[in-house]
1. For residue 118, only one of the following conditions fails: (1) among the small types (Gly, Ala, Ser); (2) touching a helix residue (DSSP H, G or I) at 6+ places or on another chain (Cβ under 6 Å); (3) at positive phi. What is its number?
2. Can you give me the number of residues within segment 43-63 that are in a helix (DSSP H, G or I) and buried (at least 18 other Cβ atoms within 10 Å of the Cβ)?
3. Kindly evaluate residue 190 against the criterion of being open to solvent by less than 60 Å² (accessible area, probe 1.4 Å), among the hydrophobic types (A, V, I, L, M, F, W, C) and modelled with pLDDT of 95 or more.
4. Whether any residue in segment 269-286 is at pLDDT 85 or above and within 29 Å of residue 160 (Cα to Cα) is what I want to check.
5. Which one of these is among the β-branched types (Val, Ile, Thr), in a loop (DSSP other than H, G, I, E, B) and over 15 Å from residue 45 (Cβ atoms): 97, 83?
6. From (1) open to solvent by 70 Å² or more (accessible area, probe 1.4 Å); (2) at pLDDT below 95; (3) not in a loop (DSSP other than H, G, I, E, B), pick out the condition that doesn't hold for residue 141.
7. Being open to solvent by less than 20 Å² (accessible area, probe 1.4 Å), touching a residue at least 12 places away in the same chain (Cβ under 8 Å), under 20 Å from the mean Cα position of the chain (by Cα) and more than 21 Å from residue 67 (Cα to Cα): is that true of residue 200 here?
8. Only one of these is small (Gly, Ala, Ser), open to solvent by less than 30 Å² (accessible area, probe 1.4 Å) and over 24 Å from the mean Cα position of the chain (by Cα): 228, 232. Name it.
Amino acid sequence: MERSQIWVVLGAINLALLFAYAFADGDVLVLTEDNFEKEIGQDRGALVEFYAPWCGHCKKLAPEYEKLGSSFKKAKSVLIGKVDCDEHKSLCSKYGVSGYPTIQWFPKGSLEPKKYEGPRTAEALVEFVNTEGGTNVKLTTIPSNVVVLTSETFDQIVFDVNKDVLVEFYAPWCGHCKHLAPIYEKVANAYKLEEDVVIANLDADKYKDLAEKYGVSGYPTLKFFPKGNKAGEDYEAGRELDDFVVFINEKCGTNRDANGQLTSQAGIVASLDALVKEFVSASNEEQKAILSRMEEEIEKLTGSSARYGKTYLKAAKSTLEKGADYAKKEIERLQRILEKASRLLLSFYLS
């Protein structure tokens with residue numbers, strides 16, 4: 001990798017974000033070729049999802065499967081796990097996986113699985129595992145991440161100039177609203193870690209005056225209130241999860257996928273990348289001047305971009321102080337930290 005490429009990568013790295021990746025699998029155990037037979041076929045039954053990261057059906061299943069993992073996290077006689085078949089092809093081939101997702105039940109003490117053929121909902125999966133595992137676990141209710149607005153809180157939340165706010169005006173009796181509700185919840189879940197993004201709703205049947213104020217005549221009506229326009233903008237994109245994700249990423253400068261995980265573009269600030277390209281090819285004195293321009297550009301940033309900008313600045317200053325090899329050494333250091341974190345996480349699950 002060339003020096004300029006290394007530095008750009010470093011400028012995009014935020015250590016906290018990397019740790020978020022390491023722990024992103026929640027209550028579902030990540031299974032690999034190294035730990036599979038240490039966990040499966042032992043003293044507890046196991047439900048295993050064989051998936052591919054690019055698979056649309058797998059992405060749709062992900063939040064349901066996470067609910068399943070959360071529900072069984074205290075059940076000592078049952079394990080909920082998953083295998084990335086892109087990364088562990090031989091393991092998936094061994095168990096006859098030819099499509100994604102494939103869900104299989106491994107009885108206690110057996111490596112001979114039974115394929116799950118039922119609905120891909122958390123409710124159906126819980127019922128299946130209870131039947132096969134002899135448990136009586138109830139589905140965990142995960143708190144909603146949709147902010148419920150009222151006439152008392154509307155202005156405080158929606159007009160916050162530090163927040164980008166998407167508001168759904170709905171009516172409890174509306175069929176289209178009921179259809180949208182689980183999708184909208186997934187949108188809120190995907191952006192729950194973005195401090196300056198708010199996914200909210202308002203019962204327009206109850207608060208008719210607010211609905212009339214914003215010209216709401218049908219349900220659901222969605223309006224976007226960005227930091228720079230609190231008059232509100234009509235949301236006219238599609239109403240599937242991926243449509244919302246594309247819209248919010250574009251409007252808010254975020255980089256989340258439908259599961260709330262960071263995309264490969266996370267941490268990259270386009271306006272700073274141009275300065276990075278100048279920086280890596282400049283002399284030491286020229287780099288000092290570019291650093292000043294970078295500081296001015298960072299002052300203009302808000303939200304997550306401002307946090308990423310600080311990482312760029314830190315990397316630039318460290319490169320000036322420690323030399324051109326700093327970036328390469330820092331990436332190697334972060335990789336060692338992540339490897340250690342992964343080992344600790346695995347030890348935690350195995351204990």
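1. (3)
2. 5
3. Working: open to solvent by less than 60 Å² (accessible area, probe 1.4 Å): yes; among the hydrophobic types (A, V, I, L, M, F, W, C): yes; modelled with pLDDT of 95 or more: no.
It is false that residue 190 is open to solvent by less than 60 Å² (accessible area, probe 1.4 Å), among the hydrophobic types (A, V, I, L, M, F, W, C) and modelled with pLDDT of 95 or more.
4. Yes, some residue in segment 269-286 is at pLDDT 85 or above and within 29 Å of residue 160 (Cα to Cα).
5. Values: 83 fails: in a loop (DSSP other than H, G, I, E, B).
Residue meeting the stated conditions: 97.
6. (3)
7. On the way: open to solvent by less than 20 Å² (accessible area, probe 1.4 Å): yes; touching a residue at least 12 places away in the same chain (Cβ under 8 Å): yes; under 20 Å from the mean Cα position of the chain (by Cα): yes; more than 21 Å from residue 67 (Cα to Cα): yes.
Yes; evaluated as a whole, the condition is true for this residue.
8. On the way: 228 fails: open to solvent by less than 30 Å² (accessible area, probe 1.4 Å).
Result: 232 is the single residue among 228, 232 that is small (Gly, Ala, Ser), open to solvent by less than 30 Å² (accessible area, probe 1.4 Å) and over 24 Å from the mean Cα position of the chain (by Cα).
The values are calculated or read from the model by the stated rules, or taken from the named source; none is laboratory data. This one's a predicted model, so the numbers in the text were calculated from it and none came from an experiment. Because the Cβ atoms are built from the backbone with ideal geometry, glycine has one as well, and the counts that use them run over all protein chains shown. All accessible areas refer to the heavy atoms of the entire protein, side chains included, with ligands and DNA or RNA removed. Shrake-Rupley method; radii C 1.70, N 1.55, O 1.52, S 1.80 Å.
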